[in-house]
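Values quoted throughout were computed directly from the atomic coordinates according to the rules given, and no laboratory measurement underlies them. Not measured: the values here are computed from a predicted model. No Cβ is skipped: glycine too gets one built from the backbone with ideal geometry, and neighbour counts run over all protein chains shown.
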Amino acid sequence: MDDVDSGLSDFIYSVLPNSSSNDLLLETLQTLGVETVEDLKYVQEEDLVNTLRPIEARKLIARFKAFSEKDAKEIPDLPTRAEPERCISTHTGTMPCRDHPSTNEYSAAHSNSPQSSSSSSEVSTPHRNTPVDNNWHFNFEIPWSKMPSELTRKLENKERPTGRERREMIRLMLGEILTICPTPGKKHLCEIARKIVSRYPLSFRDVIEDQVVGSGYDSLTKQLQARLDNMKRGKTSLYLKRQTFSASEGEDPPSKIRRVDTYGCTNWQPKRLPPGETEETQKCAQEELKNMHKNKSKNGKSIQEKMLATFYTQRSDISRMETPVLVKEWPYLFEMCGIMVHFKELTDMDVDRGAISSKCERVISYLMSHDKKNSKIEGILEGIESAKAKHLDPYLPGCVMLLLKHFSEDQAKMFVMVDETCLPSEVDQLPSTPCIVVCGSSPLTAENLMIAVDQTIVKDGVTNCGDALVMMFVSYYCLNISYPLELGATLEFMQR
């Protein structure tokens, strides 16, 4: 949270010390434009309805009103669910029971509280913790002495570390960072990544074919951010999202609906219907979309407008309906024109196919030079040339297939190969996660493909593997499906 004042973080932890939603609350407040404690006067309870429980939201707003309307010394302690703010005073001094600042940290009376000299235990208020300087990252000293000896040797010899060694360095680095700042932002991590590359450019700089990619330290920044996000998962507010599972024989499979985070989505579940919309108008628009799909309407603009207007209802139905029902109720969710509207509204991101093809060319070039001795990629390279001869776009599917080989992941989990004349009703033994059914010998040259989700064919007649891959990928987001372990590295690479 780059722009959030440290005083704001301290204030929130003082009011809600036991809440598991504090990190998500800070992100929500930043989205609303709140940067300092004073900005809280513009926040209303409705703004926090999807982040905090009602009592927590009211408690936060009530405490701020008390803080702003009265002198800090006169702020009464509001009751909390527990009393972690108490501490024990002994002859050695005051011992706070929590790492977080107390609920009275903003009271001036506590800034100079004397320590108790009594040997008996008594209740007192802990001293306020010193807030973290938001510019701490400029003076941050990288703990090179704590790095493994093998990594240190490689850095001194200007060699590139292995992926395992690099991840170990990221783990140690972030552990050190969190001892200084519990909520580092991207600007902090970016500066630290820059320092690492500046000291050991030949070992860490992002380079492809002797050309520096981006800033040269983007990959390190993303690794630090990803590690931080992974450490925070499970500590933020949770929402419904379908996860894949692999039950052993004899076990009952768990429910498809589980509570996980909303990573990557900016509009996971809208709070209310769009202005001027009611449940009746949403239902009418849904029926119109079903009729337009049945009649194979070519009015793309109208379809996009109706899909955007009914986004609220789509999100609600996705979380409670099975895939076969969704196909009937929202057929355009499984057409390129409809699913891309949904993805844009969900993530606030467009899919730029031109930019993707350009980047895929560079990735293919790198993988060819990196794995040139690998006989497994020869068939893929031949397929890329065949696709070019047929005037097909080979770069996205070729890149994905090379990535699958590079990461040693199961291609059959993403591409299910069937006979060219195979019909949708004849396809069986599909994985439960989104995949592409290829009617032919290779995804690169096939001219008839299908998209499957939850072992159900949701779209057939796709003539371009690039389009099929885009639809398959965005369906993970739109349908709330987690990446399968067998394809995790490739899908994560595509995402980033």
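How many nm separate the modelled label positions at residue 283 and residue 321, each set 7 Å beyond the Cα in the direction of the Cβ?
With each label placed 7 Å out from Cα toward Cβ, I get 1.4 nm.
Which percentage, to the nearest 5, of the DSSP beta bridges contained in segment 353-495 is antiparallel?
The antiparallel fraction comes to roughly 65 percent.
Past 21 Å, Cα to Cα, is the threshold; run 271/459; 296/344; 328/459; 187/271; 146/186; 328/413 against it and keep the listed order.
271/459; 296/344; 187/271; 146/186; 328/413
Just subtract the alpha-carbon distance of residue 365 and residue 157 from 0.36 nm times their residue separation and send over the number in nm, one decimal.
Working: separation 208, 0.36 × 208 = 74.88 nm, distance 2.70 nm.
Extra length from residue 365 to residue 157 when fully extended: 72.2 nm.
How much net charge surrounds residue 327 when only other residues with a Cβ under 12 Å from its Cβ are counted (Lys, Arg +1; Asp, Glu -1)? Write down the numbers at each step before the final one.
Details: positive: 290, 328, 459; negative: 317, 322, 329, 335, 454, 460.
Value of the local net charge: -3.
Based only on other Cβ atoms within 10 Å, what is the fewest-to-most ordering of 190, 284?
The fewest-first ordering by Cβ neighbours comes to 284, 190.
I'd like the trypsin sites (Lys or Arg not before Pro) in segment 125-219 restricted to DSSP loop residues with at most 12 other Cβ atoms within 10 Å, sorted by number.
158
In the neighborhood of residue 146, defined by Cβ-to-Cβ distances under 14 Å, what is the net charge if each Lys or Arg adds +1 and each Asp or Glu adds -1?
Summing Lys and Arg as +1 and Asp and Glu as -1 gives -4.
Do any GluC sites (Glu not before Pro) in segment 320-390 lie in a DSSP loop with no more than 14 other beta carbon atoms within 10 Å, and if so, which? Display every interim value, and only then the final one.
Values: sites: 322, 329, 335, 345, 361, 378, 382, 385; in loops: 322, 335.
Here the sparse-neighbourhood loop sites are 322.
Taking the Cβ of residue 491 as the center, what net charge do the other residues with Cβ under 14 Å away carry, scoring Lys and Arg +1 and Asp and Glu -1?
With Lys, Arg at +1 and Asp, Glu at -1, the neighbours total -2.
Restricting to DSSP loop positions (anything but H, G, I, E, B) with no more than 13 other Cβ atoms inside 10 Å of their own Cβ, which trypsin sites (Lys or Arg not before Pro) remain in segment 286-376?
Those that pass, being in a loop and sparsely packed, are 296, 298, 320, 372, 373.
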